[in-house]
């Protein structure tokens, strides 16, 4: 029996699915460390977990360490410490190092969490990524712009999910960004050369440093373009086959990048560009499962329960490599403007044409607040053995389905 603790600062739906999966792995005794009080856990979670420890800040390594010690009276010595959030990876590593728990150490966690350090490590290993510089002052930013020219990308060095990320195309964009950056004189920003080409993911399973499995997805269009156009509905596609020449180079570069960063056992999420000249460049790496419905899509494309797969890997280091049997994709539904959802149009038209290809969806009911995120107000996921059929279905959804938002009166 392995005793594990799952750190879940807030038990949102996606996190809850991961916790439940881990609690149900045979041979695992699972406790949860969370800000959610015991009496607010739903009955299914209460029945599944063997222990619970409440903290006020699940991202504070000291509180997490105290919780792990406190759980000894409930479940015994914690042997695995798990969490899926990007911003949790360094605190979790610090607690593992302090308490002697196996898993990713602090140095490796910082390599993937600090995006400037990540690119420094990758370039030192001879791996392709954007030119970059961590800047603290206006003079440093202007010097970097003189070196690489426009456009550039500005982001926090510890960002996640493209949040607070800006593409600067003109000097006016630079001036506006500098005004924002100067509001907090102590904050550092990462400036990167803007990469052109098609953007993809490389989601991998590694055990003891060996990449045993990878899944590739295509972004249509790239996320940065989606961020710049709040009305734009977009797609993520997992092609049925990822063995073609367009993916050959990332199958070499991806595992090498994970090795250089120190990712040894776990599931990682990498974003990368296929450049027009056929070369590739690594954009970002996260030492955690992918978001934006990608976790569920990987399971659907391989006809497995991704959440169970992750749970077994992280608690028991068990992994059975699944075969890719379907193409799968998600169309993200985004309204234009602010306010709340008034209606979703076009479902009556596309529903009959999609039929049983639809395997998951979230259609926002009237009154749902605008999300304000790149994931939008809802999504529709489809699956088929033919990649072209999936692409056509997603094109149909994003062209015909519309989320209408209305300002509150």
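Rule-based calculations on the coordinates, nothing more; no lab input. Predicted model, so just to flag it, every value in this text is computed and none were measured. No Cβ is skipped: glycine too gets one built from the backbone with ideal geometry, and neighbour counts run over all protein chains shown.
Would you compute, from DSSP H runs of 4+ residues alone, the mean residue ellipticity of the chain at 222 nm, taking -39500 (n - 2.57) per run and dividing by the full residue count, rounded to the nearest 500?
About -10000 deg cm²/dmol.
With labels modelled as points extended 7 Å from the Cα through the Cβ direction, what inter-label distance (nm, one decimal) is found for residue 277 paired with residue 407?
4.9 nm
Taking R0 as 35 Å, what FRET efficiency do you get between residue 320 and residue 158 from their Cβ-Cβ distance, rounded to the nearest 0.05?
The computed FRET efficiency comes out at 0.55.
When each pair of different Cα atoms in segment 95-163 is counted once in the 1/r mean, what is the Kirkwood radius in angstroms, to one decimal?
That comes to 14.0 Å for segment 95-163.
Rounded, prolate or oblate: which fits segment 200-311, taking a ≥ b ≥ c as square roots of the Cα gyration tensor eigenvalues, rounded meaning a/c under 1.5, else prolate when a/b beats b/c?
oblate
For segment 2-103, how big is the tail of P(r) above 22 Å, as a whole percent of Cα pairs?
For segment 2-103, the fraction of Cα-Cα distances above 22 Å is 17 percent.
Once both labels are modelled 7 Å past Cα along the beta-carbon direction, what's the residue 305-residue 139 spacing in nm?
Going by the 7 Å Cα→Cβ label model, 5.9 nm.
To check my understanding: the extent here is largest minus smallest coordinate of the Cα atoms along each principal axis. What are those three numbers for segment 198-406, in Å, largest first?
Principal extents (Cα only, largest first): 51, 33, 31 Å.
Please give the peptides 266-276, 324-334 ranked by average Cβ packing (other Cβ atoms within 10 Å per residue), highest first, as a rough proxy for protection.
Details: 266-276: 20.7, 324-334: 24.5.
Peptide ranking by packing, descending: 324-334, 266-276.
Tell me, what is the percent relative contact order of segment 131-193, built from C-alpha pairs under 8 Å that lie six or more residues apart?
About 51 percent, as a whole number.
Rounded to two decimals, what is Rg over Rh for segment 347-409 when you use alpha-carbon atoms and the Kirkwood radius?
That ratio equals 1.01.
Can you classify segment 131-193 as rounded, prolate or oblate using the Cα gyration tensor, where a ≥ b ≥ c are the square roots of its eigenvalues, rounded means a/c under 1.5, and otherwise it's prolate if a/b beats b/c and oblate if not?
Cα axes put segment 131-193 in the rounded bin.
Multiplying the sequence separation of residue 361 and residue 212 by 0.36 nm and subtracting their Cα-Cα distance, what value in nm do you get?
Gain on extension, residue 361 to residue 212, equals 50.6 nm.
Considering Cα pairs under 8 angstrom that are at least six residues apart, work out the relative contact order of segment 2-103 and quote it in whole percent.
30 percent
Sorted by average packing, counted as other Cβ atoms within 10 angstrom per residue and highest first, what order do 8-15, 387-394 take? It would help to have the intermediate numbers written out before the result.
Values: 8-15: 15.9, 387-394: 18.9.
Final packing ranking: 387-394, 8-15.
If I histogram all Cα-Cα distances within segment 291-409 using bins 5 Å wide from 0, what percent of pairs lands in each bin?
For segment 291-409, the pair-distance distribution reads 2, 11, 19, 19, 16, 13, 10, 6, 4, 1, 0.
Quickly rank 308-319, 171-182, 235-246 as a protection proxy: mean count of other C-beta atoms within 10 Å, highest first. Could the numbers behind the result be given before it?
Details: 308-319: 20.1, 171-182: 13.7, 235-246: 17.2.
The peptides rank, most packed first, as 308-319, 235-246, 171-182.
Given a cut-off of under 8 Å on Cα pairs at least six residues apart, what relative contact order in percent is computed for the chain?
Values: 839 pairs, mean separation 54.1, N = 409.
Taking the mean separation of contacting Cα pairs over the length of the chain, I get 13 percent.
Translational D (Stokes-Einstein, µm²/s) of segment 221-277 at 4 °C and 1.567 mPa s when Rh comes from the Kirkwood sum over C-alpha pairs?
93 µm²/s
Please figure out what share of the DSSP beta bridges in the chain is antiparallel and state it in percent, rounded to the nearest 5.
Antiparallel bridges make up about 80 percent of those DSSP assigns within the chain.
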